Amino acid sequence: MARLACKYHKPVSVHSRYAWRDAFTIVAESGIEHAVFHWYTGTSSVLREIIGQGFFLSATPAVAYHDEHRRAVKETPLEQLLLETDSPVVYGRGREFEFESRPADISRSLYGAATIKGIEEAEISRVTTANARMVFHLDI
């Protein structure tokens with residue numbers, strides 16, 4: 001898959017639960033220009049390599065409760081951050097705020113990222129939208 005993405009200049013979304021180092025190595029060695037590490041919860045050392053390679057991290061509604069994801073969002077420069085809902089998926093399973101996400105829940109990701117980073121929601125929205133347009137080659 002990585003070779004196809006590279007060949008056709010397409011971005012990849014990387015969901016690699018507990019195999020962040022391996023996933024980063026595969027993506028970095030493939031020559032892919034744009035990669036988004038989805039719901040990243042790995043180590044800070046691998047995150048620094050992801051950032052150093054110019055790749056992106058996506059903030060999900062899990063920023064409301066998942067400590068590792070919150071740390072990763074905080075450590076990621078705004079210029080390399082995207083927002084997503086990962087819809088449909090159940091967030092907060094077993095917690096009092098459990099919910100099945102839908103596209104409108106992007107506001108939860110926005111609020112969480114703004115709170116963690118101490119930046120106004122409007123600025124987070126502006127920059128992450130520009131990032132998404134660039135990564136996914138969107139002309140909207």
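The values are calculated or read from the model by the stated rules, or taken from the named source; none is laboratory data. Since we're looking at a predicted model, the values are computed, not measured. Cβ sites come from the backbone with ideal geometry, for glycine too, and all protein chains shown count toward neighbours.
Filtering the stretch 117-131 to residues that are assigned to a helix (DSSP H, G or I) and surrounded by fewer than 20 Cβ atoms within 10 Å (Cβ to Cβ) leaves Lys117, Glu121, Ala122, Glu123, Ser125, Arg126, Val127, Thr129, Ala130.
State yes or no: is Ala114 small (Gly, Ala, Ser) and either surrounded by fewer than 17 Cβ atoms within 10 Å (Cβ to Cβ) or touching a residue at least 40 places away in the same chain (Cβ under 8 Å) (or both)? Explain how you work it out, then say what you get.
Values: small (Gly, Ala, Ser): yes; either surrounded by fewer than 17 Cβ atoms within 10 Å (Cβ to Cβ) or touching a residue at least 40 places away in the same chain (Cβ under 8 Å) (or both): no.
Taking the combined requirement at face value, the residue does not satisfy it.
When you check Ala62 against the structure, is it out of contact with any Ser or Thr (no Cβ under 7 Å at 6 or more places or on another chain) and either aliphatic (A, V, I, L, M) or over 17 Å from Ser125 (Cα atoms) (or both), yes or no? Yes: the conditions hold for Ala62.
For every residue, the table says whether it meets (1) out of contact with any Leu (no Cβ under 6 Å at 6 or more places or on another chain); (2) closer than 27 Å to Phe99 by Cα.
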| site | (1), (2) |
| --- | --- |
| Arg21 | yes, no |
| Thr25 | yes, no |
| Ser30 | yes, no |
| Ala35 | yes, no |
| Gly42 | yes, yes |
| Leu47 | yes, no |
| Ala59 | no, yes |
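With respect to the numbered conditions (1) surrounded by fewer than 22 Cβ atoms within 10 Å (Cβ to Cβ); (2) part of a helix (DSSP H, G or I), which one is the sole condition not fulfilled by Ser109? For Ser109, the failing item is (1).
Could you tell me whether any residue of the stretch 19-33 is over 25 Å from Val89 (Cα atoms), aromatic (Phe, Trp, Tyr) and modelled with pLDDT of 90 or more? Scanning the stretch 19-33, I find no residue that is over 25 Å from Val89 (Cα atoms), aromatic (Phe, Trp, Tyr) and modelled with pLDDT of 90 or more, so the answer is no.
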